[in-house]
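**Student:** Provided herewith is a single structure, encoded as structure tokens, for subsequent inquiry.
The values are calculated or read from the model by the stated rules, or taken from the named source; none is laboratory data. Treat the numbers as computed from the prediction; the structure is a model and nothing was measured. Here Cβ is always computed from backbone atoms with ideal geometry, including for glycine, and neighbour counts include all displayed protein chains. Just the protein is used for accessible areas: all its heavy atoms, side chains included, with ligands, DNA and RNA removed. Shrake-Rupley method; radii C 1.70, N 1.55, O 1.52, S 1.80 Å.
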Amino acid sequence: MYQVVGQKSLADSIVMLDIEAPAVAAKAKPGEFVIVRQFENSERIPLTIMDFDRVRGTVTIVVQDVGYSSALIAKAREGEAFVDFVGPLGRPTEIENYGTVLCVGGGLGIAPIFPIARALKEAGNHVISVLGARSKDLLILEEEMAGVSSEMVIMTDDGSHGQKGFVTHGIQSVLDRGVEVDVIWAIGPMIMMRSVANFTRPLGIKTIVSMNPIMVDGTGMCGACRLEVGGEMKFACVEGPEFDGHLVDFELAMKRAVFFKEEEALAYTRVEDEGEGN
Amino acid sequence: MAAKVPRHDMPCQDPAIRAKNFAEVALGYSPEMAIEEAKRCLMCKNPRCVEGCPVGVDIPQFIGEIVQGNFLGGAGVIKSKNTLPAICGRVCPQESQCEMKCILGDKGEPVAIGRLERFAADYEMAQGGCPMEVAPSTGKRVAVIGGGPAGLTCAAELARAGHGVTLLEALHVVGGVLMYGIPEFRLPKIVVQKEIEVLRQMGVRIEVNQVVGKVASVDELLAGGYDAVFVATGAGLPYFMNIPGENLGGVYSANEFLTRSNLMRAYDFPRYATPLRIGDRVAVIGGGNVAMDAARTALRLGAETVSIVYRRSRQEMPARAEEVYHAEEEGIRFALLTSPVRINGDDKGSVVGMTCVRYELGEPDGSGRRRPVLIEGSDYEMPVQTVVMAIGQGPNPLVTKSTPGLELDKRGNIVADEETMATSKPGVYAGGDIVTGAATVILAMGTGKTAARAIDVYLRKGKSL
């Protein structure tokens, strides 16, 4: 069992959890993910690593209540435990000194962008973080991101904080200042990553996205997470989760992501009834 | 005279009933049936059946015990060579191993060795099992990577020899293909877990959720106090056909399909949260045991029609005859000499059908089987909502890629000495599908056993013992 040793609400329906998993914490690197199974009857779901503490032996994940499994995980409290917590999985981010980089995080995607921004900053990059959310209330980890970024650009859809607009507008505002951007990391909802990729493709700025498709085992065994990247089939779990955003077939990925929507909805009706996880 | 008694059939659940449940199909012999079947054995002085067994079970001896009504004794004879008899009695392809060599088979039907093995093992299990004897501790430690048939067998043999064994499993349950792949109706999971419990009693330490290559590397295990490592990570990477439409929703690899159903218990959704959507019409591509398992699972999950789509003929099918027979009895259809060239979807990205082509048999190919030759202009539409790709698996690269100095063949399998299963890396042995490519449970067990013997010698001689 893997104990929940820290729990903090970041926004409405978004929760940060510290999980005791020393073996995972010892090896975790930015860009990697874990597979979590909360209860005996739960699904195995992939969650990107937000942070890790090798001394305390903990791994931090951030979860938003968007479906049956995530709703139950978001309800987890200190003292509870997960039956399985597997990782680290996937290929880590390739950290080096690229020069000037943009770390673009949208919504929940700010959580996985955090360790990447920190590592890029430590590697000597000038890190400009562009964070987006629907509104001020839903913008998470602003302070943490400020601590690992050289510059910050905040975007909200409704203009309640920072500039009004999407993260692509934020990227545009950076470029308008004449900043030469070497590489962009963009993590967030699929539709946001597609927008960023479409925006940067004609500009020829290398853009890396982190895909979070449906998975079962997370070790290359099932192929549920397959994507089309540059016309080739790729397994996000072992060949990703990061890919060249200009080559990812987002249309396909979005369709695959909602394949089990009906089943998900059916299961979700059970969250209220059986919230304790039976 | 004994030979004139016909082979005793195994009682099975009625096909119409079992096609709707996940309970075991084959019900097993009663003690009376087992004794009668055992009496058919001629007790050959030079038993050919034993040569046909990859782990060398003394078959006439265990059958002799059953004739005497000493079922526990029979189980003991088997277990001295085979650590997982209740599993092997169910899933070994006896017809191409021990039973193929049985002299009764020359003129009639061979002794039902597999069924007798299962009977003895089940009998012992029902009695609470017999503790396995373990040699005094050698103080040596071995890490076994992968908890499938090869890893379990190697772990048991090493523990029996007195070595300290840690079994590292990537999934949350140990058993490998026995748990995620082979369905409940063919191999009840309680049987697998009971056999694994014996390993625990022998002192094998089992650690789940350990993805070696990510959480620790082989080199780190060797540096961290293990004297040897056995790699048995299996054939984990599913193959696809590389045809258009394969990424549509509703196309599963057999691994995904079976893992959702068997390991994650999607058949009990939503009590278990893992979903598995089945259309009314299901096509399973492939002709092996995995294809049969997937097809029969789809039927039990509520599909109206399930078709095996295979590009050669019935004769070339690699599945066991018994599995094909059971599938057919349950109403699985066979679209033989047929293969999809494209999977078609709707605007939501879900499967609505396959465009298939037909073949005829030509000259034998490299595998000795007649090559399927395309019939020009034979393409037709097959309406289906679910497609399961059961065309084989390749080696999982997580361990091999993170282990420098490990020689691989061009397909990515580990190169290991046949006699010892030693790899190019000192102290590292390998077995099962990661060496042989996708094969059978018993073949994997055979390599695990061979490796255990060699590791035992290595630990006693190679180090300061």
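**Student:** Can you pull the Rg over Rh of the stretch A:89-161, Cα-only, Kirkwood?
**Tutor:** Ratio of gyration radius to Kirkwood radius for the stretch A:89-161: 0.99.
**Student:** On the first, second and third principal axes, largest extent first, how far apart are the outermost C-alpha atoms of chain A in Å?
**Tutor:** 56, 39, 37
**Student:** Same structure again: Give the accessible surface of the stretch B:232-375 per residue, rounded to a whole number of Å², with probe radius 1.4 Å and ligands, DNA and RNA excluded. Display every interim value, and only then the final one.
**Tutor:** Working: 5460 Å² over 144 residues.
Ligands and nucleic acids excluded, the result is 38 Å² per residue.
**Student:** For chain A, what is the accessible area per residue in Å², given a 1.4 Å probe and the full set of protein chains?
**Tutor:** Per residue, chain A has an accessible area of 39 Å².
**Student:** Rounded to whole Hz and in sequence order, give me ³J(HN,Hα) for the stretch B:354-367 from the Karplus expression 6.51 cos²θ - 1.76 cosθ + 1.60, θ = phi - 60°, writing x for Gly and Pro.
**Tutor:** Ordered by residue, 3J(HN,Hα) equals 10, 8, 10, 10, 9, 10, 10, 7, x, 6, x, 9, x, 7 Hz.
**Student:** Here's a follow-up. Could you pull out every residue, at least 5 positions away or on a different chain, whose amide H is within less than 5 Å of the one on B:F334? Hs are placed 1.01 Å off N in the peptide plane, and Pro or chain starts have none.
**Tutor:** Here the answer is B:I308, since their amide H atoms fall under 5 Å of that of B:F334.
**Student:** Over the Cα atoms of the stretch A:130-278, compute the convex hull volume and normalise it per residue, giving Å³.
**Tutor:** Details: hull volume 24.1 nm³, N = 149.
Per residue, the Cα convex hull of the stretch A:130-278 comes to 162 Å³.
**Student:** Taking 20 Å² as the minimum loss, tell me which residues in the stretch A:179-221 lose that much accessible area going from the chain by itself to the full protein complex (1.4 Å probe).
**Tutor:** For the stretch A:179-221, once contacts with the other chains are taken into account, A:V216, A:T219, A:G220, A:M221 lose 20 Å² or more.
**Student:** Still on this structure, please answer the following. Using only DSSP helix segments of four residues or longer, with each worth -39500 (n - 2.57), what per-residue ellipticity at 222 nm results for chain B after dividing by its residue count and rounding to 500?
**Tutor:** Values: 18 runs with 147 residues, N = 465.
-8500 deg cm²/dmol, from helical runs alone.
**Student:** Moving on to the next point. Which residues of the stretch A:28-66 show a drop of at least 50 Å² in accessible area when all protein chains are present, compared with their chain alone (probe radius 1.4 Å, heavy atoms only, ligands and nucleic acids excluded)?
**Tutor:** Residues of the stretch A:28-66 that lose at least 50 Å² of accessible area once the other chains are added: A:N41, A:E43, A:R44.
**Student:** Can you tell me which lysines have their Cα less than 16 Å from the Cα of B:K101? Leave out same-chain residues fewer than eight positions away.
**Tutor:** Filter leaves B:K45.
**Student:** Further, regarding this structure: If you average the alpha carbon positions of the stretch B:406-465 and of the stretch B:256-271, how far apart do those two centres end up, in angstrom?
**Tutor:** Using only Cα atoms, the two centres lie 33 Å from each other.
**Student:** Assign unit charges at the C-beta atoms only (+1 for Lys and Arg, -1 for Asp and Glu), then state the dipole size of the stretch A:1-140 relative to its Cα centre in Debye, rounded to the nearest 20.
**Tutor:** 200 debye
**Student:** Tally up the carbon and sulfur contribution to the accessible surface of the stretch B:23-170 as a whole percent, 1.4 Å probe, everything protein left in place.
**Tutor:** 54 percent
**Student:** With chain A treated as a Gaussian network of Cα nodes joined by springs under 10 Å, which of A:P22, A:P202, A:P112 yields the largest mean-square fluctuation?
**Tutor:** A:P202
**Student:** Over the protein assembly as shown, what is the percentage of antiparallel beta bridges among all DSSP beta bridges, to the nearest 5?
**Tutor:** Bridges in the protein assembly as shown that DSSP calls antiparallel: roughly 50 percent.
**Student:** Decide, for the protein assembly as shown, between rounded, prolate and oblate: order the square roots of the alpha carbon gyration tensor eigenvalues as a ≥ b ≥ c, take rounded if a/c falls under 1.5, and otherwise choose prolate if a/b is larger than b/c, else oblate.
**Tutor:** Note, shape of the protein assembly as shown comes out prolate.
**Student:** Okay, helix-only estimate at 222 nm for chain A: each DSSP H run of n ≥ 4 adds -39500 (n - 2.57), divide by all residues, round to 500 deg cm²/dmol; what do you get?
**Tutor:** Calculated at 222 nm, the ellipticity per residue is -8000 deg cm²/dmol.
**Student:** Show the residues, 5+ positions off or on another chain, whose built amide H is closer than 5 Å to the amide H of B:T138.
**Tutor:** Distant-sequence amide H within range of B:T138: B:H163, B:G164.
**Student:** Let me ask something else about it. Rounded to the nearest 100 Å², what is the buried accessible area between B and A, both sides summed, probe 1.4 Å?
**Tutor:** Details: alone 20290 and 12770 Å², together 29400 Å².
Its buried surface, counting both partners, is about 3700 Å².
**Student:** Please report the net charge: other residues with Cβ closer than 14 Å to the Cβ of A:N125, K and R +1, D and E -1. Let's see the in-between values first.
**Tutor:** Details: positive: A:R118, A:K121, A:K206; negative: A:E94, A:E96, A:E122, A:E151, A:E180, A:D182.
Within the 14 Å Cβ shell, the charges total -3.
**Student:** Roughly how many nanometres apart are two label points built 7 Å out from the Cα toward the Cβ at B:A135 and B:D347?
**Tutor:** The two pseudo-label positions are separated by 7.1 nm.
**Student:** With springs only between Cα atoms under 10 Å apart, run a GNM on chain A and tell me which of A:L102, A:L175, A:L138 wobbles the most.
**Tutor:** Answer for the Gaussian network model of chain A: A:L175.
**Student:** What does the convex hull of the Cα atoms come to per residue for the stretch A:213-275, in Å³?
**Tutor:** Here the figure is 101 Å³ per residue.
**Student:** Give, ordered by residue number, each residue of the stretch B:155-195 whose 1.4 Å probe accessible area is reduced by a minimum of 10 Å² on adding the remaining protein chains to the chain alone.
**Tutor:** With the partner chains in place, the stretch B:155-195 has these residues losing at least 10 Å²: B:A170, B:L171, B:H172, B:Y180.
**Student:** State the three equivalent ellipsoid semi-axes of the stretch A:1-135, derived from the C-alpha gyration tensor as the square roots of 5 times its eigenvalues, in descending order and whole Å.
**Tutor:** Semi-axes, largest first: 26, 18, 12 Å.
**Student:** Shape verdict for chain B, please, from the Cα gyration tensor: rounded (a/c under 1.5), prolate (a/b greater than b/c) or oblate. Working shown, then result.
**Tutor:** On the way: a/c = 1.71, a/b = 1.21, b/c = 1.41.
The shape class here is oblate.
**Student:** Now for a different question. Need one word for the stretch B:124-228: rounded, prolate or oblate. Basis is the Cα gyration tensor (sqrt eigenvalues a ≥ b ≥ c); a/c below 1.5 gives rounded, then a/b vs b/c decides.
**Tutor:** Working: a/c = 2.96, a/b = 1.23, b/c = 2.41.
It comes out oblate by the Cα gyration axes.
**Student:** Would you work out what percent of the accessible area of the stretch B:327-464, with all protein chains in place, is carbon or sulfur (probe 1.4 Å)? Walk me through the numbers on the way to the answer.
**Tutor:** Details: 3310 of 6590 Å².
Reported share for carbon and sulfur atoms: 50 percent.
**Student:** As an exercise, identify the GluC sites (Glu not before Pro) in the stretch A:87-194 lying in DSSP coil whose Cβ has no more than 13 other Cβ atoms within 10 Å.
**Tutor:** Counting only loop positions with at most 13 other Cβ atoms within 10 Å, the GluC sites (Glu not before Pro) in the stretch A:87-194 are A:E94, A:E96, A:E180.
**Student:** Could you pull out the GluC sites (Glu not before Pro) across the stretch B:215-324 that fall in loop regions by DSSP (anything but H, G, I, E, B) with no more than 16 other Cβ atoms inside 10 Å? Walk me through the intermediate numbers first.
**Tutor:** Details: sites: B:E220, B:E246, B:E256, B:E304, B:E316, B:E322, B:E323; in loops: B:E246, B:E304.
Of the GluC sites (Glu not before Pro), the ones in loops of the stretch B:215-324 whose Cβ has at most 16 other Cβ atoms within 10 Å are B:E304.
**Student:** Helix A:110-122 versus the longest principal axis of chain A: what is the Cα-based angle in degrees, 0 to 90, to the nearest 10?
**Tutor:** Once rounded, one gets 50 degrees.
**Student:** A further question follows. Set the Förster radius R0 to 35 Å, insert the Cβ-Cβ distance between B:D219 and A:T100 as r into 1/(1 + (r/R0)^6), and round the FRET efficiency to 0.05. Provide the component values of the computation, followed by the final result.
**Tutor:** Values: r = 37 Å, r/R0 = 1.06.
Result of the calculation: an efficiency of 0.40.
**Student:** Strictly over 18 Å apart at the Cα level, which of A:K234/A:K255; A:K261/B:K348; A:K234/A:K261; B:K79/B:K140 would you flag in this model?
**Tutor:** From A:K234/A:K255; A:K261/B:K348; A:K234/A:K261; B:K79/B:K140, over 18 Å: A:K234/A:K261; B:K79/B:K140.
**Student:** Next question, about the same structure. Among A:A133, A:V104, B:V91, whose Cα lies farthest out toward the positive end of the dipole of the protein assembly as shown, if unit charges sit on the beta carbon of Lys, Arg (+1) and Asp, Glu (-1)?
**Tutor:** Of the options given, the answer is B:V91.
**Student:** Let me ask something else about it. DSSP loop trypsin sites (Lys or Arg not before Pro) in the stretch B:33-132 with at most 11 other Cβ atoms within 10 Å of their Cβ, which ones?
**Tutor:** Passing both the DSSP loop test and the Cβ count: B:K45, B:K107.
**Student:** Name the lysines eligible as straight-distance cross-link partners of A:K8: C-alpha to C-alpha under 16 Å, and not fewer than 8 places from it in the same chain.
**Tutor:** A:K75
**Student:** Answer with one residue from A:G218, A:V4, A:L266: the one whose Cα lies farthest towards the positive end of the charge dipole of the protein assembly as shown, charges on Cβ with Lys, Arg +1 and Asp, Glu -1.
**Tutor:** Looking along the dipole axis, the top candidate is A:G218.
**Student:** Let me ask another. Working from Cα positions, state the angle (0 to 90°, nearest 10) between the long axis of helix A:167-176 and the longest principal axis of chain A.
**Tutor:** So the inclination is approximately 20 degrees.
**Student:** Students often forget the sequence filter, so: which lysines lie under 17 Å Cα-Cα from B:K410 once same-chain residues fewer than 8 apart are removed?
**Tutor:** B:K401
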